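Asker: Quick one: this structure, given as structure tokens, is what I'll be asking you about.
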Amino acid sequence: MSFESRAKEWDNNSRIERSKVVADKINEIIGNEEYNSVMEYGCATGLISFNLCDKFKKITLMDSEKEMINIVKQKVEKYRNENIFPVQIDLMNELYKQEKFDLIYTSLTLHHILDTEKIIKIFYNLLNKNGMLCIIDLDKEDGSFHINQKDFRGHNGFEHRYMENIFESVGFSNIESDTFYNGEKIYKEKTIPYSLFYTAGIKK
Ligand SMILES: C[S@@+](CC[C@H](N)C(=O)[O-])C[C@H]1O[C@@H](n2cnc3c(N)ncnc32)[C@H](O)[C@@H]1O
């Protein structure tokens, strides 16, 4: 099933809870550093960034799916957020020239994008000097995570080293990775365990 058709029921308890943990981790990774202009890529309905909106002056929320971005727009209106800017875009196919960012984070989106190096280069070019990229995604797994999506054509998670090598070759410094979250999905009464890691780096 496409993300477009899943947008309306996206905000369930487990995603809301996981998004809080991911937002806390992003907070911890950036520490006391001040980042004014921030972008989340593959934001879905914005669950992660709505936990972080008090921390930054401006957050641009990007997703390729119109229905996801429509829900972000509805939330922005409902909660009267003045610093969240939703943008429907697929950076793999379209250029974004309007602005650059001090921090880009993306969660559980890169495993849907086949050419990891290409998207990381795009993020690099969208960062200001000393900007940070923080990728959060699935640790390498056996394919069980998408067992309910027969048409899934992405990555079955990533090895930390694979992500770090790409960060390095693209030009990032101060690269760090770690696994920080263990979760489970239930499918047809079967429990599917999974874990999430981050890789972060700085554009010097
Ligand atoms: C698994 S969801 C993750 C949502 C959220 N970041 C989270 O961690 O819960 C993946 C999101 O990435 C978006 N997405 C997938 N491919 C994309 C692409 N090429 N460009 C932008 N967004 C994409 C989907 O529409 C979806 O909202």
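Asker: Which loop-located trypsin sites (Lys or Arg not before Pro) does the stretch 111-147 contain, where loop means any DSSP state but H, G, I, E or B and the Cβ has at most 16 other Cβ atoms within 10 Å? Can you show the working numbers first?
Answerer: On the way: sites: LYS118, LYS121, LYS129, LYS140; in loops: LYS140.
Passing both the DSSP loop test and the Cβ count: LYS140.
Asker: Tell me the volume per residue, in Å³, of the convex hull enclosing the alpha carbons of the stretch 3-203.
Answerer: Looking at the stretch 3-203, the number lands at 117 Å³ per residue.
Asker: Each residue of the stretch 16-32 in turn: what ³J(HN,Hα) in whole Hz from Karplus with 6.51, -1.76, 1.60 and θ = phi - 60°, glycine and Pro shown as x?
Answerer: Karplus values, whole Hz, x for Gly and Pro: 5, 5, 5, 5, 5, 5, 5, 4, 4, 5, 4, 4, 5, 5, 7, x, 8.
Asker: Using a 10 Å cut-off around each Cβ, can you sort LYS203, LYS8 from fewest to most neighbouring Cβ atoms?
Answerer: Ascending Cβ contact count within 10 Å gives the list LYS8, LYS203.
Asker: How large is the dipole of the chain about the Cα centre if only Lys and Arg carry +1 and Asp and Glu carry -1, each at its Cβ, rounded to the nearest 20 debye?
Answerer: 420
Asker: Among the listed pairs LYS66/LYS121; LYS20/LYS140; LYS100/LYS121, which are separated by more than 20 Å between their Cα atoms?
Answerer: Pairs exceeding the cut-off: LYS66/LYS121; LYS20/LYS140.
Asker: Dipole magnitude of the stretch 65-164 about its Cα centre, charges +1 at Lys/Arg Cβ and -1 at Asp/Glu Cβ only, in debye to the nearest 20?
Answerer: So the dipole magnitude of the stretch 65-164 works out to roughly 340 debye.
Asker: Taking θ as phi - 60°, what are the ³J(HN,Hα) couplings along the stretch 47-53 by the Karplus curve (6.51, -1.76, 1.60), each to the nearest whole Hz, with x for Gly and Pro?
Answerer: 3, 5, 5, 5, 7, 10, 5
Asker: Also, I was wondering about something else. With θ set to phi - 60°, apply the Karplus curve 6.51 cos²θ - 1.76 cosθ + 1.60 along the stretch 35-44 and write out the HN-Hα couplings as whole Hz, x wherever there is a Gly or Pro.
Answerer: 10, 8, 9, 10, 9, 9, 9, x, 6, 6
Asker: Express as a percent, rounded to the nearest 5, the fraction of DSSP beta bridges in the stretch 3-203 (both residues included) that run antiparallel.
Answerer: DSSP beta bridges in the stretch 3-203 are roughly 50 percent antiparallel.
Asker: Same structure again: What ranking do VAL87, VAL22 get, fewest neighbouring Cβ atoms within 10 angstrom at the top? Working shown, then result.
Answerer: Working: VAL87 16, VAL22 24.
The order, fewest Cβ neighbours first, is VAL87, VAL22.
Asker: Another question about this same structure. Past 26 Å, Cα to Cα, is the threshold; run LYS57/LYS129; LYS75/LYS190; LYS25/LYS188; LYS55/LYS204 against it and keep the listed order.
Answerer: Those over the limit are LYS75/LYS190; LYS25/LYS188.
Asker: Quick one: order ASP102, ASP151, ASP11 by neighbouring beta-carbon count within 10 Å, fewest to most.
Answerer: On the way: ASP102 22, ASP151 7, ASP11 15.
Fewest to most other Cβ atoms nearby, the residues stand as ASP151, ASP11, ASP102.
Asker: In the Gaussian network model of the chain, springs joining C-alpha atoms below 10 Å, which of ASN83, ASN32, ASN182 carries the largest mean-square fluctuation?
Answerer: Its mean-square fluctuation being the largest, the pick is ASN32.
Asker: What value, in deg cm²/dmol to 500, does the helix sum -39500 (n - 2.57) over DSSP H runs of n ≥ 4 give at 222 nm once divided by the residues of the chain?
Answerer: Values: 6 runs with 62 residues, N = 204.
Theoretical 222 nm ellipticity from helices: -9000 deg cm²/dmol.
Asker: Also: Using label points projected 7 Å from each Cα along Cα→Cβ, tell me how many nm separate GLU9 and LYS118, to one decimal.
Answerer: The answer from the label model is 3.3 nm.
Asker: List the chymotrypsin sites (Phe, Trp or Tyr not before Pro) in the stretch 112-158 that DSSP assigns to loop (not H, G, I, E or B) and whose Cβ has at most 16 other Cβ atoms within 10 Å. Which are they?
Answerer: Hits after loop and neighbour filter: PHE152.
Asker: For a quick check of your reading of the filter: which GluC sites (Glu not before Pro) in the stretch 1-52 sit in a DSSP loop and have no more than 12 other Cβ atoms within 10 Å? Don't skip to the end; give the middle numbers.
Answerer: Numbers: sites: GLU4, GLU9, GLU17, GLU28, GLU33, GLU34, GLU40; in loops: GLU33, GLU34.
Qualifying residues, ordered by number: GLU33, GLU34.
Asker: Within a Cβ distance under 12 Å of MET132, other residues only, what is the Lys/Arg minus Asp/Glu net charge?
Answerer: -1
Read-outs: derived from the displayed coordinates by stated rules, not from any lab. Bear in mind that the values here come from a model prediction, so they are computed numbers and not experimental data. Quick reminder, even Gly has a Cβ in these numbers, built from the backbone with ideal geometry, and neighbours come from all protein chains shown.
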